[in-house]
Amino acid sequence: MTASVHPSAVVDPAARLGEGVEIGPCCCVGGEVELGAGVRLVSHVVVDGRTQVGAGTVVYPFAVLGTPPQDLKYRGEASELVIGRNNRIREHVTMNPGTAGGGMITSVGDEGLFMVGAHVAHDCRLGDHVILANNATLAGHVVVGDYAILGGLSAVHQFVRIGPHAMIGGMSGVENDVIPYGLVMGERARLSGLNLVGLERRGYSREDIQTLRTAYRALFGPGGTLADRLDEVAQTFADHRLVGDIVAFLRVKTSRAVCQPRPENGG
C-alpha cells in the first residue's frame, strides 16, 4: 500500500513517505521530512524542517512539528527533530528541532502520548513511554526519562533532567532535576515522595518498592549533607538496581540543583 494523500494537502515532492502513510485534509509536509510506515496525519498538521516521524505515529489536527526553534540564538543551522515510533501527538502540540548550542537535535522516543497543547522545545531528549498531559511544556535542553509523566499545565525549566518513572504534578513549575521514581508538585515544585502508583503500575515488586522507600528516607532525611547521605546510600544499597538508578542520576554533574523535599518548617 502506497501513501494516501488527500487532495487538499500540500506535500513537497521531495518528502519521503513510507508505506501506508496517510496524510489528511489541509496538511503541509516539507521537502526534508521523512514519515515512517503507517504514519497518519489526521488533518491540518504541519511537518516541516529536517523532521523524521517514526512508524505508526498518529498526529492530530493543528499540531506543528519541525518549525524553527523559539531561540533567539538560532541562525538557521541544519538541525533535526527525530520522533520515534507509535507516538500519539494530539491537537496543537508543538515540537521544535535542535540548535548548535544543544547538539543539533531534538529527540522523542517511542510510544509517547503528547496531549493537547503540549510543547517540546529545542534540544530536548525524551525517552520512551513519556506522557505530557494537556499544556505541559518543556523549555530547551530538557531531558526526560522513560515512563515519566508530566501533569497538565506543568512547566519545566531549561536544562532540567526528569528521571525515569518520575511524576510531575499538574500546574507545577520545575526548576531543578527530579530523581528517578520521584514525585514532585507545587507552584515551585518540591519533591513530595516517590511515584508509588507509577511503580505499582509498572509491575515492580513490593520488596523493590519498600527498599526504594527505605533508601529515599535515608537519602533525604536529616543530618549531614546530601553528598554524605548519597555515599552512605550507595554503599548500603549497592546491589539494588532501582536505588542505583537514583544514585547514578544524582552523581551526574549538571547546571541544575536537585529537587528536594520541603523543610518541615516550610522554609
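Taking only the C-alpha atoms of segment 82-131, the Rg (one decimal) and the largest Cα-Cα distance, Dmax (whole number), read 10.4, 29 Å.
Mind giving me the FRET efficiency for Thr225 and Glu187? R0 is 30 Å, r the Cβ-Cβ distance, nearest 0.05 is fine.
Numbers: r = 27 Å, r/R0 = 0.90.
Once the sixth-power term is evaluated, E becomes 0.65.
Compute the FRET efficiency between Arg241 and Phe159 as 1/(1 + (r/R0)^6), taking r as their Cβ-Cβ distance and R0 = 35 Å, and round to the nearest 0.05. That pair, Arg241 with Phe159, gives E of 0.85. Hull volume per residue, based on the alpha-carbon atoms of segment 4-141 and their convex hull, is 82 Å³.
Averaging the Cα positions of each part gives two centres, and for segment 1-25 and segment 154-204 these lie 39 Å apart.
If Lys and Arg each add +1 and Asp and Glu each add -1, what is the summed charge of the other residues whose beta carbon sits under 10 Å from the beta carbon of Gly163?
Values: positive: Arg161; negative: Asp146, Asp177, Asp245.
Charge balance near Gly163 sits at -2.
Applying 1/(1 + (r/R0)^6) with R0 = 41 Å to the Cβ-Cβ distance of Leu196 and Val58, what FRET efficiency is obtained, to the nearest 0.05? For Leu196 and Val58, the calculated efficiency is 0.85.
In order along segment 168-174, phi translates into HN-Hα couplings of 9, x, x, 6, 8, x, 9 Hz, rounded to whole numbers, per the Karplus curve 6.51 cos²θ - 1.76 cosθ + 1.60 with θ = phi - 60° and x for Gly and Pro. Under 5 Å between amide hydrogens, built in the peptide plane, is the criterion, and for Tyr181 it picks out His165, Ala166 among residues at least 5 positions away or on other chains. Taking volume of the Cα convex hull per residue in Å³ as the quantity of interest, determine which of [x] 111; [y] 159; [z] 127 was computed from the displayed structure. So the calculated entry is the one marked [z]. Per DSSP H run of n ≥ 4, the term is -39500 (n - 2.57); total these for the chain, divide by its residue number, and report the mean residue ellipticity at 222 nm rounded to 500 deg cm²/dmol. After summing the helix terms and dividing by the residues of the chain, the value is -4500 deg cm²/dmol.
Where the only charges are on Cβ atoms (+1 Lys, Arg; -1 Asp, Glu), what is the dipole of the chain about its Cα centre, to the nearest 20 debye?
Details: 23 positive and 27 negative charges, 95 e Å.
Roughly 460 debye, rounded to the nearest 20.
The H on the amide N of Val108, modeled in the peptide plane, is under 5 Å from the matching H of Val82, Ile83, Gly84, Leu126, each at least 5 residues off or on a different chain.
Across segment 14-31, rounded Karplus estimates of 3J(HN,Hα) from the backbone phi angles (6.51 cos²θ - 1.76 cosθ + 1.60, θ = phi - 60°) give 7, 4, 9, 10, x, 4, x, 4, 10, 10, x, x, 6, 7, 10, 10, x, x Hz, Gly and Pro being marked x. Excluding Val144 itself, calculate the net charge of residues whose Cβ lies under 14 Å from the Cβ of Val144, where each Lys or Arg counts +1 and each Asp or Glu counts -1. Local charge sum for Val144: -3. Note on Ala14 and Arg217: their simple-model spin labels are 6.2 nm apart, each label 7 Å out from Cα toward Cβ. How far apart, in nm, are the 7 Å Cα→Cβ label points at Glu232 and His6? Placing both labels 7 Å beyond Cα along the Cβ direction yields 6.2 nm. Each label was represented as a point 7 Å from its Cα along the Cα-to-Cβ direction; for Ala248 and Gln260 these points are 2.5 nm apart. Here the scattering of segment 154-267 is modelled by Debye summation over its C-alpha atoms, one equal scatterer each and no solvent; at q = 0.09, 0.11, 0.16, 0.22 Å⁻¹ the log10 of I(q)/I(0) is -0.22, -0.33, -0.72, -1.35.
Hey, what did the chain get for relative contact order, percent, Cα under 8 Å, at least 6 apart? Relative contact order, the chain: 8 percent.
Values quoted throughout were computed directly from the atomic coordinates according to the rules given, and no laboratory measurement underlies them. Given the structure is predicted, the values throughout are model-derived calculations rather than measurements. As a convention, Cβ positions derive from the backbone with ideal geometry for all residues, glycine included, and neighbour counts pool all protein chains shown.
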